[in-house]
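Only one structure is covered here, and it is reproduced in the block below.
The values are calculated or read from the model by the stated rules, or taken from the named source; none is laboratory data. Not measured: the values here are computed from a predicted model. Every residue, glycine as well, gets a Cβ built from its backbone with ideal geometry; the counts of neighbours run over all protein chains shown.
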Amino acid sequence: MISIFFKKTILAGMIAALMFAALPISTAFAAGEFDPTPPPNGEVSTERLEKFWARELKAYERLGKVFDQTDAMIEKVQARIDKAAENGKDVTAVQAALDAYEAAIEEARPLYESAAGIVNSHAGFDANGKVTDAEQAKATLKEMGAKLKEVHSAMGGTGKALREAIKAFRDANKPGDAPAERDS
C-alpha cells in the first residue's frame, strides 16, 4: 500500500516537473544598444548597398569564368559526342542540348559584355565598392541586376538541360550494361 502511494507521488512529481520544464523560464528582452536602427521606409543603408554591390560583382565574375571556359567545354563535349556516335550510340538528345546551349551562349555573351560598362563606371560606388552616392548606387544596382537577369533569361536553363542530357546519356550507356540484343 505504501509503495503504491509512493509510486503515485513520484509519478505526480515527475509530471509536474515536466509541465514546468515546458514553460519558458526567461522573458524576451528588447534589442540592445548595439543593434543599428533600421532605415526609414524606402531607404537602404549604405552598408546594405555595398553588400549588394559585392554580391552583384561576384555574380558577374562567375559568369565571366563560365564564358571564358565555355568554348573549351563545348569542344570537349562535342568531341565526346562524336566519339560516342562513331561507336553507334544514340547522341541526338545530347547533341540537341549542346546545340541549344551553344546558341544561348552566343545570345547571352553580348549581354554579359555590355554589363562591363556598368562595372567599370560603378556609379555611386568608389573603386573599393564603398557608397559615394546612395541614389546613384541604387540605380547602378538596379541596372546591374536587370542586366544579369537578361543574361540568365537568354541562357534559358540550357546549361542545366545540357548537364541533365549528359547524365541521362551516361546512365543509359553505362560501361558494364550490355544491350539485351547482345545477350542472345
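The table for this structure:
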read-out: Residue identified as over 30 Å from Asp71 (Cβ atoms) and either at pLDDT 90 or above or aliphatic (A, V, I, L, M) (or both) among Glu135, Glu150, Glu107; value: Glu135
read-out: Residue, surrounded by the fewest Cβ atoms within 10 Å (Cβ to Cβ), within the range 46-93, restricted to residues that are among the hydroxyl-bearing types (Ser, Thr, Tyr) and within 26 Å of Glu106 (Cα to Cα); value: Thr92
read-out: Residue list for the range 44-72, restricted to those being free of Cβ contacts under 8 Å to residues at least 24 places away in the same chain and among the acidic types (Asp, Glu); value: Glu47, Glu61, Asp68, Asp71
read-out: Failed criterion for Pro110 (all others in (1) surrounded by 15 or more Cβ atoms within 10 Å (Cβ to Cβ); (2) of a type outside the set (D, E, K, R); (3) closer than 17 Å to Ser153 by Cα hold); value: (1)
read-out: Residues satisfying the stated conditions in the range 73-88, i.e. free of Cβ contacts under 8 Å to residues at least 60 places away in the same chain and part of a helix (DSSP H, G or I); value: Met73, Ile74, Glu75, Lys76, Gln78, Ala79, Arg80, Ile81, Asp82, Lys83, Ala85, Glu86
read-out: Where a residue in the range 89-118 is more than 11 Å from Ala165 (Cβ to Cβ) and its partner, wherever it lies, is among the polar types (S, T, N, Q) and not in a helix (DSSP H, G or I), with Cβ under 6 Å and at least six apart; value: Lys89/Asn173
read-out: Tally, over the range 169-184, of residues that are modelled with pLDDT under 90 and surrounded by fewer than 10 Cβ atoms within 10 Å (Cβ to Cβ); value: 11
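So that you can scan it fast, the table gives a plain yes or no per residue for (1) closer than 22 Å to Thr46 by Cβ; (2) in contact (Cβ under 8 Å) with a residue 24 or more places away in the chain; (3) β-branched (Val, Ile, Thr); (4) surrounded by 13 or more Cβ atoms within 10 Å (Cβ to Cβ):
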| site | (1), (2), (3), (4) |
| --- | --- |
| Glu143 | yes, yes, no, yes |
| Gly156 | no, yes, no, yes |
| Lys160 | no, no, no, no |
| Lys167 | no, no, no, no |
